Amino acid sequence: MEFGTLSIGDVTRDPVGGKLVSEHERLHALTRIAVHAEEAGFDVFALGEHHNPPYISSADSTVLAYIAAQTTRITLSTGTTLITTNDPVKIAEDFATLQHLSNGRVDLMLGRGNTPMVYPWFGYDYEDSLGITFEHYELLRRLWREESLDWVGRYRAPLRQFTSVPRPLNGAPPFVWHGSISSPEIAEQAAMYGDGFFVNNNFAPMEHYARSVELYRERFAAHGHGRPENGIVGAGGGIWVRPNSQDALTEYRPYFDAHPIHSRSGLSLEQEIARTGLTVGSPAQVIEKVLTFPQHFGPLRRVLFGFDYGGIPEAKIHEVIDLVGSEVLPVLRRELAV
């Protein structure tokens, strides 16, 4: 199993200290976090794509290429790349290029995006999002696998004798995950192609995401890719870790209370910890929580932790990276291997 960190690249004022870092500072902080994550033993660094404030992660392949030049082992991923508002030709080109520059250390997670206002900025209608998702991904797959491609679709200009360059490294396209919050159609799409299926596992009860995973596994088998348990599943999970659980709760609470999504849920921090994939506490509590994930989702290929958002100072993020790397990941690898 792989363990990684997932960033959404937000620029948010620290509700405790009051500091708001610049976009320049935040972009370089993401690089430092990724480099430190590799040093601490994480397997994956993933960055989500957004085009609206307060995020600065609009060019995820560019940021990941910069990180690739400063790392040697860690897999560079996205979480997610917008298959809807991006041109599949540009996705094919950008991530094949990143594949070459990183010597193959790249995969990507595709998603529709959950911000309807973004669609018109790129010439699309949010009501068409599912149709665009299916069409764009079918084209992306063909671009990576075929040369001199002739293609006609509904949402993009046709292609005539087109070859995407560079070609995928050694002829093998980057591995693709499909990220989903609630759409059964995305579970079906991932299953049909035998791709990975990733559930956010934040902000909603884990049972909600478990239903999507169950559907994916059933359809994965129905499409002839193996048994349901062979499905390639990943799950997220927000964490905040301190040696003492009470210190973790005290430190994290103001960030939880100020978070725009957490604050809308109407649940307390303790209630969210009990119901969702969020864990705030000691290393032992994080380990205990993550070891329950397979009970909800079955065998997992990847777990991504989110903890660098909401204006939390970068120095504290590096402390968490060290703590997770030294006290959480070794135990999880040992226990889940058994």
Largest to smallest accessible area among MET192, MET109 [probe 1.4 Å]: MET192, MET109
The stretch 1-131: relative contact order in percent, alpha carbon pairs under 8 Å with at least 6 residues between: 23 percent
What Rg and what Dmax come out for the stretch 2-131 when only alpha-carbon atoms are used, in angstroms? 15.2, 45
With the label point 7 Å along the Cα-to-beta-carbon line of ARG160 and a cut-off under 17 Å to each amide N, the hits in the stretch 134-153 are 148-153
With the contact rule set at Cα under 8 Å and sequence spacing of 6 or more, what percent relative contact order holds for the stretch 114-232? 15 percent
With a 1.4 Å probe and all protein chains kept in place, how much accessible area does THR250 have, in Å² rounded to the nearest 10? 90 Å²
Computed over the stretch 205-338, the relative contact order (Cα-Cα under 8 Å, seq sep at least six) in percent reads 33 percent
For LYS316, which lysines qualify as cross-link partners when the Cα separation must be under 30 Å and same-chain residues fewer than eight apart are set aside? LYS19, LYS289
Can you tell me the length gained on complete extension of the stretch SER326 to GLU138, counting 0.36 nm per residue apart and subtracting the Cα distance? 63.5 nm
Would you work out which of LEU130, GLY306, GLY171 lies farthest towards the positive end of the dipole of the chain? Charges go on Cβ: Lys and Arg +1, Asp and Glu -1. GLY171
If each K or R counts +1 and each D or E counts -1, the residues other than VAL11 whose Cβ falls under 10 Å of its Cβ total -1
Once the piece of chain linking PHE175 and GLU207 is laid out straight, how much longer is it, given 0.36 nm per residue of separation minus the C-alpha distance between them? 8.8 nm
How big is the equivalent ellipsoid of the stretch 20-67 along its three axes, where each semi-axis is √(5λ) from the Cα gyration tensor, reported in whole Å from largest to smallest? 19, 12, 9
With every protein chain present, what is the per residue accessible area of the stretch 170-293 (1.4 Å probe, Å²)? 41 Å²
Set the Förster radius R0 to 22 Å, insert the Cβ-Cβ distance between ASP87 and ASP128 as r into 1/(1 + (r/R0)^6), and round the FRET efficiency to 0.05. 0.90
Percent of accessible area on the chain owned by carbon and sulfur, 1.4 Å probe? 52 percent
Which value does Rg/Rh take for the stretch 90-169 over its C-alpha atoms, Rh per Kirkwood? 1.00
Simple label model, 7 Å out from Cα along Cβ direction - SER58 to ARG73, nm: 3.6 nm
Hey, got the dipole for the stretch 36-168? About the Cα centre, +1 on K and R Cβ, -1 on D and E Cβ, debye to the nearest 20? 240 debye
Per-residue ellipticity at 222 nm attributable to helices in the chain (runs of n ≥ 4 DSSP H, -39500 (n - 2.57) apiece, nearest 500 deg cm²/dmol) works out to -12500 deg cm²/dmol
What Kirkwood Rh does the stretch 73-207 have if only Cα atoms enter the pairwise 1/r average? Answer in Å. 15.5 Å
In Å, what Rg and Dmax follow from the Cα atoms of the chain? 19.5, 62
Would you give the gap between the C-alpha center of the stretch 241-295 and the C-alpha center of the stretch 111-147, rounded to a whole Å? 34 Å
So THR250 and GLU39, fully extended at 0.36 nm per residue minus their Cα-Cα distance, gain in nm 73.2 nm
If you take every residue apart from THR75 with its C-beta less than 13 Å away from the C-beta of THR75, what net charge results, scoring Lys and Arg +1 and Asp and Glu -1? 0
Note down the nm distance, to one decimal, between modelled labels 7 Å out along Cα→Cβ at HIS223 and at ALA258. 4.2 nm
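The values are calculated or read from the model by the stated rules, or taken from the named source; none is laboratory data. It should be emphasised that the depicted structure is a prediction, and the values quoted were computed from it without experimental measurement. Please note: Cβ atoms are built from the backbone with ideal geometry, for glycine as well, and neighbour counts cover all protein chains shown. SASA here: full protein model, heavy atoms, side chains in, ligands and nucleic acids out. Shrake-Rupley method; radii C 1.70, N 1.55, O 1.52, S 1.80 Å.
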